[in-house]
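Some notes on the structure that comes next.
The values are calculated or read from the model by the stated rules, or taken from the named source; none is laboratory data. Quick caveat: nothing in here was measured; it's all calculated off a predicted structure. Cβ: placed from backbone, ideal geometry, glycine included. Neighbour counts: every protein chain shown. Accessible surface areas use protein heavy atoms only, side chains included; no ligands, DNA or RNA. Shrake-Rupley method; radii C 1.70, N 1.55, O 1.52, S 1.80 Å.
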Amino acid sequence: MLLGWLKMKKMHYYSVLLISGVTPCAVYANNKIPEKIPDMAFLEYLADMVEVNGELVGPLDIKSKKIKTAQLNDKERLKKAQNETIKTANDKVKDQKPKEKNND
Amino acid sequence: MIKLLLLTVSLFVFIPYGQALEWNALAPEQQKVLKQFSTSWNKLPSDKQEKLQLGANRWISMDSQKRSDLINKFDQWQKLDPQQQTKLKQQFNKFKQIPAEQQQQLRNAHQRFQKLPQDKQRQLMDKFNKRNMKKMNKKTQDKMRQKNKRH
């Protein structure tokens with residue numbers, strides 16, 4: 001009888017543990033984190049996107065990564081190249097002028 | 001004069017303001033997403049209403065994964081400087097103006113490029129920049145020639 005009583009107590013103990021473990025999970029499952037309700041800015045951003053290949057593409061999707069191609073910056077290289085061409089063009093003009101004078 | 005005034009006023013009263021969309025004309029799912037605008041909906045301009053409706057439709061058609069991806073993207077967008085945002089918007093508006101086929105091609109090329117290893121990306125960028133520089137040099141040379149001709 002004592003053994004039976006002990007078994008019953010164990011069962012009761014385990015059932016209490018089980019219920020106390022399950023109910024928080026059930027409560028958590030029911031109290032899901034509410035889904036984001038889109039605001040005006042978000043909806044406008046979404047509306048501005050374009051469908052390409054069945055996918056919505058936005059301004060960030062066409063943004064190109066900055067890749068370091070050389071020691072110099074791209075702009076600096078372009079400027080340098082432009083200055084060089086201007087120099088060579090000016091030099092050519094200078095060379096031509098004395099020749100024209102000599103021809104006269 | 002008064003008759004003319006009355007006529008013009010009556011015209012403005014009876015001409016429909018754009019093609020405004022009534023709140024009750026929205027589907028229940030759309031109303032759920034746009035709930036926060038229910039009181040001010042009729043006061044919004046029609047183009048705004050259309051935009052919000054389109055945004056709501058797209059949101060409704062998305063699954064939870066796409067929604068979370070989009071939320072992350074939007075967060076990134078909001079973190080950008082206003083200058084960067086305007087620059088990207090300008091680029092994006094240009095992209096929108098090109099035909100759909102070209103958009104697809106560009107998008108595919110962009111995706112392929114992003115998947116390449118960094119050194120390959122660097123090589124391609126170098127090539128592209130060299131070509132651009134040559135073009136720029138030609139342009140400046142032509143300009144200088146024209147200037148010299150005038151003198």
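From the Cα gyration tensor of chain B, with a ≥ b ≥ c the square roots of its eigenvalues, which class applies: rounded if a/c is under 1.5, or else prolate if a/b is larger than b/c, or else oblate? Oblate. Once label points are set 7 Å from the Cα along Cα→Cβ at both A:Ile86 and A:Leu2, what is their separation, rounded to one decimal in nm? Each label point is offset 7 Å from its Cα along the Cβ direction, giving 10.7 nm. For the stretch B:17-60, the fraction of 1.4 Å probe accessible surface lying on carbon and sulfur atoms is 49 percent.
Per-residue Cβ counts within 10 Å, from other chains only, averaged over A:47-55: what number is that?
6
Computed from the Cβ-Cβ distance with R0 of 35 Å, the FRET efficiency linking B:Lys149 to B:Gln102 stands at 0.35.
Using a 1.4 angstrom probe on protein heavy atoms only, the contact between B and A buries about 4600 square angstrom of accessible area, both sides summed. Listed cross-link partners B:Lys89/B:Lys147; B:Lys35/B:Lys94; B:Lys35/B:Lys87; A:Lys63/B:Lys66; A:Lys63/B:Lys32 are compared with a 31 Å cut-off, the Cα-Cα value being larger for B:Lys89/B:Lys147; B:Lys35/B:Lys94; B:Lys35/B:Lys87; A:Lys63/B:Lys32. For the options B:Thr86, B:Thr140, B:Thr39, a Gaussian network treatment of chain B with springs between C-alpha atoms closer than 10 Å singles out B:Thr140 as fluctuating the most. With contacts taken as Cα pairs under 8 Å and at least 6 residues apart, chain B reaches a relative contact order of 13 percent.
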